[in-house]
Amino acid sequence: MQRFIVLRILQGLLAVFVISLIVFALSRVAGDPLAAILDDEAGKEQIERLRQSWGLDKPLHVQYFTYMRRLLTGDLGVSFRWDRPVLELIAERLPATIQLSAFALVVTGIIAFPIGVLSAVKKDSWFDAGGKMFAILGQSAPTFAVGLILMWVFAVQLGWLPTSGKGGIKHIILPGFALGYYNVAAIMRLTRSSMLDVLDTEYVKLARIKGIPEWKIVWKHCFRNALIGPLTYFSLIFAILITGSVVIETVFAWPGLGLMVIEAINSKDHIVVQAVVMLFALLYVGINIITDITYAYVDPRIRYNQ
Amino acid sequence: MAVQTSAPPGGPAGAAAGVAAGTRGLSAGRIWSELRRLPVIPMFILVFLLVIPAIFADVLSPHDSTIGDLDRALEPPGWVRDRETSQVVVQRVRDKNPNEISINNARRNLNTGVANLVDANGNGEVDLGETVVRMEEGGSWEYPFGTDKQGRDVLSRMMHGARISLAVSCLAILLGGILGTGLGMIAAYRGGFLDAVLMRIVDIKLAFPSILLALTLVVAIGSGFSTVIIVIALLLWARYARVIRGEALAIRERDFIDRARVAGASNLRIMMKHIFPNVFNTVIVLATLEVGHVIILEATLSFLGAGIPRPNPAWGLMAADGREVITSSYWIFMFPCLAIVLTVLSMNLLGDWLRDRLDPKLRNV
């Protein structure tokens, strides 16, 4: 087990290294980073001074190491759109994104598991067909379309909830559901198929023969075992949450990291974009490692295969 | 393209099926049963929503897609009739455009300042609690789906948008497919270090949230039509590479590859003439399964302002424009969104069907 954990962490570090290389390379492919912030009136001397102070006159690999050293010490640079340290900006915006994602996760859990289980128990019924429709629609609708349609129905037409912004509990409902929808669709189908597998096993038949009430069989004996399947997809859920939060925060003007990235892109603030992408990548790789280790813990076959 | 089968793709089972089909022949009944299994509704939707508008956008669209008539801005769709609405003023609202927005929004709690609430005739101040009657103008069939903020015809823009969606997805999939299939075949054929490195890259690539990579790329090379295609192709290739590598690995071990080598065929020739035809079905199935995904990606990138640049009529851009006026003019975001959902839904159904017909092994990809 220890060997597995160490291996997994090393792999994660490799991934982070590659991503940092890509992000760094892209920032240089873009051409002179100075061109984006300086206007034509800037004198040659001025440009040269800035270039030196940013270390842009040094060879590329030196620039990369400087960049990494700064990253590791928490110096993410200064945003020229907001004129503040990027770390400060991130610290300010991160809680909103976490709030929204956590809400979406809870929504996913509350909706996806019961519907998935019931779809499996009532296989081929109208309920199952409805669940399938719901899932297929979820995979065909872009997140922003889900967000806009929810906003139009519940905020504009019915007037029950606010259209955008951050505030009380009412503000988080629409973006939360819109962000969770795709995951609900995915997890629901996964739960259904793994429930179907479990319902077909011998020990469930034995439980039935013993006369254990059906609800107890379903929720106690089957559901727990059926959870292992969807668990492996946790890193996927997380990836969808990251992507979705960028979109949903833009739709609902939710002041989190996702909205900040888009604002930064629109004003060509490379430093902020790179920092947030690196942060998301780190988070993502971290969650991946934790998922794998948890899974190996739950299902011993995994760790011996590696 | 004719698939040269050095060996039937499905192995013995495929051969058996071929024989069975051969003995039954092409009777009318068989053709009918084949036709009945075609996903007719999805194909119908795709043809009328995506393909025909995309090809004939210039001929079919009633108006220009990028230049609008500012006098006719924000007109509702053709079927909306004139109607009087009465609303109680709950709160006064200050907005850049008081006349346009105030009464419409009075019902909702927008929460700033004092505004000049104007009654139906455009004069006078209205107090809190008063009922305001206003004439909401209907649309005309000149603009069947209404117009946007700049007076551009939504229908015409949707038709040209279909062209963009179709073009971007075809080109991106072609590019990503060639790159991924090529690398996958090379990795399988050469094996060793190259294979290991390529597959590691694929692992990392597949694991990373794709929109983020796309955003970084777009920031780096600037947004535009070709950037979007390149970005999406770079997002797509990894999946091809992995699947095709898997298939090619199995094919490499077959006898006919050895025989080709004995006959003196070059590596390139073996890959192109003997391996590629055998993975071609898989490539096609993957491509159809990807179209929906690519349309969503392109629309999302455009929606976020990192895709097709304005004033092009991409569906995602239209949705973004519609979001700004969602409280008053639903038709601007609604029709493009519905178009995306219907197209992607149909494409997914079609892809599933094609996969089951051509390559059921791909079920879990």
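General remarks:
- Breaking point among (1) over 22 Å from the mean Cα position of the chain (by Cα); (2) under 22 Å from A:Ala275 (Cβ atoms), for B:Ala250: (2)
- Pairs linking a residue in segment A:286-306 that is under 23 Å from A:Ala239 (Cα atoms) to a residue that is at pLDDT 70 or above and aromatic (Phe, Trp, Tyr), with Cβ atoms under 7 Å and 6 or more positions apart or on different chains, are A:Ile287/A:Phe238; A:Thr291/A:Phe234; A:Ala296/A:Phe4; A:Ile302/A:Tyr295.
- On the stretch given as segment B:323-341, residues that are of a type in the set (Val, Ile, Thr), buried (at least 19 other Cβ atoms within 10 Å of the Cβ) and more than 8 Å from chain A (Cβ to nearest Cβ) total 1.
- For segment A:164-179, the tally of residues that are assigned to a loop (DSSP other than H, G, I, E, B) and buried (at least 21 other Cβ atoms within 10 Å of the Cβ) stands at 0.
- From B:Met271, B:Met347, residue being at pLDDT below 90, away from chain A (no Cβ under 14 Å) and buried (at least 19 other Cβ atoms within 10 Å of the Cβ): B:Met271
- Counted residues, segment A:125-159 - those being at the interface with chain B (Cβ under 10 Å from one of its Cβ atoms), among the hydrophobic types (A, V, I, L, M, F, W, C) and part of a loop (DSSP other than H, G, I, E, B): 1
- Residue list for segment A:164-207, restricted to those being in contact with a Leu (Cβ under 7 Å, 6 or more places away or on another chain) and either among the basic types (Lys, Arg) or farther than 29 Å from B:Thr300 by Cα (or both): A:Lys170
- Residue check, B:Trp315 more than 7 Å from every other protein chain (Cβ to nearest Cβ) and modelled with pLDDT of 90 or more: yes
- Subset of segment B:142-162 that is surrounded by fewer than 22 Cβ atoms within 10 Å (Cβ to Cβ) and charged (D, E, K, R) - its residue that is nearest to the chain's Cα centre (by Cα): B:Lys149
Yes/no matrix, rows are residues, columns are (1) more than 9 Å from chain A (Cβ to nearest Cβ); (2) assigned to a helix (DSSP H, G or I); (3) at pLDDT below 90:
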{"position": "B:Thr282", "(1), (2), (3)": "yes, yes, yes"}
{"position": "B:Val294", "(1), (2), (3)": "yes, yes, no"}
{"position": "B:Pro309", "(1), (2), (3)": "yes, no, yes"}
{"position": "B:Thr343", "(1), (2), (3)": "no, yes, no"}
{"position": "B:Arg357", "(1), (2), (3)": "yes, yes, yes"}
{"position": "B:Arg363", "(1), (2), (3)": "yes, yes, yes"}
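- Residue in segment B:193-202 that is within 30 Å of B:Thr343 (Cα to Cα) and out of contact with any strand residue (DSSP E or B) (no Cβ under 6 Å at 6 or more places or on another chain) present: yes
- Helices (runs of 4 or more DSSP H) (entirely within segment A:1-116) containing at least 1 residues that are modelled with pLDDT of 75 or more and within 14 Å of chain B (Cβ to nearest Cβ): A:2-29
- Flag for A:Gly147 being crowded, with 17+ Cβ neighbours inside 10 Å and modelled with pLDDT under 90: no
- Failed criterion for B:His63 (all others in (1) outside any helix (DSSP H, G or I); (2) loosely packed, with under 11 Cβ neighbours inside 10 Å; (3) modelled with pLDDT of 75 or more hold): (2)
The values are calculated or read from the model by the stated rules, or taken from the named source; none is laboratory data. Only a predicted model underlies this, so the values are computations on that prediction, with no experimental measurement involved. Don't worry about glycine lacking a Cβ; one is built from the backbone with ideal geometry, like all the others, and counts go over all protein chains shown.
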